[in-house]
Every structure is written in C-alpha cells, then in structure tokens.
Amino acid sequence: MLAAMVCMLNQSRQHRRRRASNVDRRWESRGKNLLEDYFIPNSFYPVSKFLEGYRMQPHLFQKIMHDICNYDTYFIQKHDAVGVLGLIPEQKLTAALRMLACGASAEHVDEIARMGKYTILECLVRFCDAVEHLYTREYLHKPTPRDLQRLLQKGDAREYGNQKGQKSIILEAVASFDCWVWHAFFGVAGYQNDLNVLGQSPMVDEVLRGHSPQVTYQINNTVYSGVYYLADRIYPRWMTFVKTILNPQSEKERSFASFQEGYRKDVERCFGILKARWAIIRGFARMLDEEVMQSIMMTCIILHNMIVEDEYDYDAPEVFEPDPINTALTRIYERPMGPNELPLEPELLLLDGQFNNPMIDRYQEMQSSYVHERHQVDLIEHLWEMKGNHNG
C-alpha cells in the first residue's frame, strides 16, 4: 500500500508539472503530411498554392534548404536523446517562412508545423542568420560592370529610397527598375530624419573612399563621373542626388519633374512588393528586439532579391529606348584605374598624421551645390531632347 501511495503521488506531481507546450504534437505525422502536401511529385497542392505560402518556386526553396542544412546542422533531422527522430528540414523552414511571409505568430505556426513556440522562434532566428551569412555577398553586392551596363542601356534607371516605420527604425535602400535592392541600411532607431540617417549611411562613406560604382557619361556636351541617385526634396543639394523641381515653370522643367517623380516611384513600388511579400515587416516584427528585427529585415531583402533573380529572364532580349548619350565617352569600371592600368587602392583619411587631401576634395566635390545645379540643368536639357521634345 505504501508503494502504491508513492506511485500515485509521483504521478500527481508529474501531472501538475506538465506544461501545455510539452503535449504530444505528433510531428512525425505532420511532417509526412507536409511532404505530401507540397514536396513530392504530384503533391496535393499545386505550385500556385506553394507560391502563396512560401513566396518562391519549389526549386528555389529546395536550393535554400540544401544550402542551409549544409551550413547549420540544426536544420537536419536527427535523433533525440531517447532515439526518437526529430523534425524534418521542411518543417523547420516552413515555420520560419510562414512567419516571414504571413506575419503569423508562433501559436499559429504551431498549428501548421506542429512545433513548440520556442522551437519556432529558434528556427526563425537561425534561418535568418544562415541566409545572411550564405547570401549577403551574392545578393547584396555592389553593381558589377555588367549590371551598370544593363542599367545604362535601360536609360531610365532610378535608384534612391528611404522608408520610415511607426517604430522609428528606418530602412534606407537603393533599388532599380527591376525591383532589385542594391543597398540596404537598417537599424537606425530613435528620433531620426532623412538627413541624420544620410550622415550615418555607409553609402556616403563608399563615395568618399572611392568604393562607389564608377561611371563616366556625357550629357548636354558635359562629361560627368560617378553615379547619381534620384531623391526627394528633403535631401541636400549634392552632386550625388538629383531632385525634382518644386515649382516647375517651363515645359522642360515640368517634363523633367514628371519623369523624375515617376521614376522615383519604382523604389516605392519595390518597398510595396517587399511588404506585400513578407508580411512580418508590417506588424509582427514590432514584438521583436532591434537586433532580431535587423536580421529579419536583411533576410527579407535577400530573399526578395533571390526571388527577383529567379523570376526575371535575364537572357531575354530587352528593347531599350533610344538614348542620345555619347556612348563613346561612356565608361564603366569597378574601381578607379591608375596609369599602369591597375586599380587604385583607396587612400586613408589620415596619412602620417595629416589629412588626406584627395578624400577632402571628393567630400567638397560631392557637396558642391554648383555642380548639383549644373548637373540638373544638363539633365533637363538632355531629357527634353530625348523624350519631352518628341512626346510633347
């Protein structure tokens, strides 16, 4: 009788200590059902349903899963301490992608993947870390000469944007006509405006150090070097930016303002696609801390670029609008070249305790309001000659 009483007491204590998160979720059967739903030939759901839930084609998902499993063994199915097989990789990646794509909470994902809340959040953090380490260099790189040539041939590349959210964490990004994000700077918190963020942005540092994409071109019989970005009126009058005209008077100015503002909508369209594709940006990410939010944002941008690359047909012939720019004077190169035809190394700000004069010259040139205004006038004339004068 004493032994029976001790046994009943132990069972009572175990029953009281059992948590709701330790219920038997039967993840083995859910993993099997998930494979039958999406990941086997002649699966239950069509590819359109897969795109709706995962935001990408099945072959791209398989590539990402293969790379992540090789990078982090956490995502590989393993036996636990008692020899029971754990979650399959498809379940773990499904949990992370559903949180990113649908903005679902861990409780909602639990119903889909049969995983505990803390396991789901761990999958999300590890997934974002793996994507950043594996794909940042490839999918957030600077434009190569081939990329610059394609943007130049397009003739209407437009590339600057700055989006602010209600949580006062700002995302600065550079995007082009095909919604590819070339530059992203996220994580500036607090009461900031566009100018303060610009002062902290690594994009300005790249210009000063000579790391920015190098292009020379001629418009209105004037030769310019360096790329420029389309920006709104709040940005300073630097030669790096081309802004609209506040109160255009002539037909040329109205045509320029219309084209400039219309082209700048592309970066807003890119942000719209980004938020529509990854719903976690719109709401649920507010519950996470700043470091995790930054990792999530960069992961969403990298995945966005991967999807753009997968869906965009780069081999298809593109029909570009005629551009009267003197292509004989247009040159694209990755870094400044020296007299020996070798790339010049960037110079330091301080040399032997003294300031580096070339960097100071680049800084003064970048902030020259005269060059900014002259550049804008030449662009107005060039655009009118190319489009406005012919289209009325």
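The values are calculated or read from the model by the stated rules, or taken from the named source; none is laboratory data. Predicted model only: the values in this text are computed from it and were never measured. FYI the Cβ positions are ideal-geometry reconstructions off the backbone, even for glycines, and counts take in every protein chain you see.
For segment 60-74, the candidate set comprises residues that are aromatic (Phe, Trp, Tyr) and more than 20 Å from Lys117 (Cα to Cα); within that set, the residue that is surrounded by the most Cβ atoms within 10 Å (Cβ to Cβ) is Phe61.
Looking at Gln57, Gln77, Gln91, just one residue is among the polar types (S, T, N, Q) and crowded, with 21+ Cβ neighbours inside 10 Å, and that residue is Gln91. Pick out, from segment 51-114, the helices (runs of 4 or more DSSP H) lying fully within it that include 1 or more residues that are under 20 Å from the mean Cα position of the chain (by Cα) and at pLDDT 90 or above. Filter on segment 51-114 gives 58-71, 89-102. Considering only residues of segment 210-257 that are within 25 Å of His183 (Cα to Cα) and among the polar types (S, T, N, Q), which is modelled with the highest pLDDT? Residue satisfying both the conditions and the ranking: Thr244. What are the pairs, 6+ residues apart or on separate chains, where a residue within segment 282-298 that is surrounded by 12 or more Cβ atoms within 10 Å (Cβ to Cβ) has its Cβ under 7 Å from a residue that is modelled with pLDDT under 75 and part of a helix (DSSP H, G or I)? Taking only residues 6 or more apart or on different chains, the pairs are Met293/Ala285; Ile296/Ala285. Considering Lys275, Lys265, the condition of being in the same structural domain as Asp178 (by TED's automatic domain parsing), closer than 30 Å to Ser368 by Cα and either at pLDDT 75 or above or out of contact with any Pro (no Cβ under 6 Å at 6 or more places or on another chain) (or both) is satisfied by Lys265 alone. Kindly indicate the residue of segment 237-275 that is basic (Lys, Arg) and surrounded by fewer than 19 Cβ atoms within 10 Å (Cβ to Cβ) and also nearest to Leu171 (Cα to Cα) among those meeting that condition. This residue is Lys275. Within segment 93-115, residues that are closer than 16 Å to Phe127 by Cα reach partners that are hydroxyl-bearing (Ser, Thr, Tyr) and surrounded by 18 or more Cβ atoms within 10 Å (Cβ to Cβ) with beta carbons closer than 7 Å, at six or more positions or on different chains, in the pairs Leu97/Tyr54; Ala101/Tyr54; Ala113/Thr94.
Here's the yes/no breakdown for (1) modelled with pLDDT of 55 or more; (2) surrounded by 15 or more Cβ atoms within 10 Å (Cβ to Cβ); (3) closer than 25 Å to Thr240 by Cβ; (4) touching a helix residue (DSSP H, G or I) at 6+ places or on another chain (Cβ under 6 Å):
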{"position": "Ile301", "(1), (2), (3), (4)": "yes, yes, yes, no"}
{"position": "Asp315", "(1), (2), (3), (4)": "yes, no, no, no"}
{"position": "Glu321", "(1), (2), (3), (4)": "no, no, yes, no"}
{"position": "Leu329", "(1), (2), (3), (4)": "no, no, yes, no"}
{"position": "Pro343", "(1), (2), (3), (4)": "yes, no, yes, no"}
{"position": "Ser369", "(1), (2), (3), (4)": "yes, no, yes, no"}
{"position": "Glu373", "(1), (2), (3), (4)": "yes, no, yes, no"}
{"position": "Gln376", "(1), (2), (3), (4)": "yes, yes, yes, no"}
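Please indicate, with yes or no, whether at least one residue in segment 282-298 is within 30 Å of Glu365 (Cβ to Cβ) and modelled with pLDDT under 80. No - not one qualifying residue is present in segment 282-298. Each residue in segment 34-44 was checked for being more than 28 Å from the chain's Cα centre (by Cα) and surrounded by 13 or more Cβ atoms within 10 Å (Cβ to Cβ), and 5 of them qualify.
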